[in-house]
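Scroll down for the structure; my scribbles are underneath it.
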Amino acid sequence: QVRLVESGGDVVQPGGSLRLSCVASENIFNFIAMAWFRQVPGKQRDFVTMLTKGGTRTYAESVKGRFTISRDSAKNTVYLEMNSLVPEDTAVYYCKVLASSAAYWGQGTQVTVSS
């Protein structure tokens, strides 16, 4: 069982920045990929970005050029750097990892973009 703990969510003004962290309970290079999703109440959970074991990054169109996914294997952590935030980025952000036999989710962290 893989445990994931997200942090870094906060209230930020439009145009601001945040960095989310997702700490895994084991070596992140055990995973095929790590990703971030986000969800607004009453709506489906949407893909934001993914980083594969090999280093390939994929982004949703809505965040391209503003968000960056990265990792620190020494800390078993994946990050989501978010810049130029807009109110539409308000959501609960979830970390997800894809292992060889299963996928695992974190508990989520709230990001609110509001003036």
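The values are calculated or read from the model by the stated rules, or taken from the named source; none is laboratory data. In this text, all values refer to a predicted model and were calculated from it rather than measured experimentally. A quick note on method: Cβ atoms are made from the backbone with ideal geometry, for glycine too, and the neighbour counts reach across all protein chains shown. Surface accessibility is based on the protein's heavy atoms, side chains included, excluding ligands, DNA and RNA. Shrake-Rupley method; radii C 1.70, N 1.55, O 1.52, S 1.80 Å.
Of everything in segment 29-43, what is at pLDDT 95 or above and of a type in the set (A, V, I, L, M, F, W, C)? Give them in sequence order.
Those that are at pLDDT 95 or above and of a type in the set (A, V, I, L, M, F, W, C): 32, 33, 34, 35, 36, 37, 40.
Identify the residue in segment 68-94 that is under 14 Å from residue 50 (Cα atoms) and either touching an Asp or Glu at 6+ places or on another chain (Cβ under 6 Å) or charged (D, E, K, R) (or both) and, among all such residues, is most open to solvent (accessible area, probe 1.4 Å).
If we take residues in segment 68-94 being under 14 Å from residue 50 (Cα atoms) and either touching an Asp or Glu at 6+ places or on another chain (Cβ under 6 Å) or charged (D, E, K, R) (or both), then 71 is most open to solvent (accessible area, probe 1.4 Å).
Looking at the structure I just gave you, is residue 48 without any contact (Cβ under 8 Å) to a residue 60 or more places away in the chain and touching a strand residue (DSSP E or B) at 6+ places or on another chain (Cβ under 6 Å)? Lay out the reasoning, then the answer.
Numbers: without any contact (Cβ under 8 Å) to a residue 60 or more places away in the chain: yes; touching a strand residue (DSSP E or B) at 6+ places or on another chain (Cβ under 6 Å): yes.
For residue 48, the condition - without any contact (Cβ under 8 Å) to a residue 60 or more places away in the chain and touching a strand residue (DSSP E or B) at 6+ places or on another chain (Cβ under 6 Å) - is met.
Which one of the conditions (1) open to solvent by 30 Å² or more (accessible area, probe 1.4 Å); (2) more than 19 Å from residue 88 (Cα to Cα); (3) in contact (Cβ under 8 Å) with a residue 12 or more places away in the chain; (4) assigned to a loop (DSSP other than H, G, I, E, B) does residue 2 fail to meet, given that it meets all the rest?
Of (1) open to solvent by 30 Å² or more (accessible area, probe 1.4 Å); (2) more than 19 Å from residue 88 (Cα to Cα); (3) in contact (Cβ under 8 Å) with a residue 12 or more places away in the chain; (4) assigned to a loop (DSSP other than H, G, I, E, B), only one is false for residue 2: (1).
Tally the residues that are in contact with a Leu (Cβ under 9 Å, 6 or more places away or on another chain) and either buried (at least 18 other Cβ atoms within 10 Å of the Cβ) or in a loop (DSSP other than H, G, I, E, B) (or both), restricting the search to segment 12-32. Before you say what the answer is, go through the steps one by one.
Pass one, segment 12-32, residues in contact with a Leu (Cβ under 9 Å, 6 or more places away or on another chain): 12-25, 31-32.
If we keep only those that are either buried (at least 18 other Cβ atoms within 10 Å of the Cβ) or in a loop (DSSP other than H, G, I, E, B) (or both) as well, we get 12-18, 20, 22, 24-25, 31-32.
So the count comes out to 13.
Among the residues of segment 45-56, are any assigned to a loop (DSSP other than H, G, I, E, B), modelled with pLDDT of 95 or more and within 14 Å of the chain's Cα centre (by Cα)?
Checking segment 45-56: at least one residue is assigned to a loop (DSSP other than H, G, I, E, B), modelled with pLDDT of 95 or more and within 14 Å of the chain's Cα centre (by Cα).
Which one of these does residue 115 not meet: (1) at pLDDT 95 or above; (2) hydroxyl-bearing (Ser, Thr, Tyr); (3) open to solvent by 70 Å² or more (accessible area, probe 1.4 Å)?
Of everything listed in (1) at pLDDT 95 or above; (2) hydroxyl-bearing (Ser, Thr, Tyr); (3) open to solvent by 70 Å² or more (accessible area, probe 1.4 Å), residue 115 misses just condition (1).
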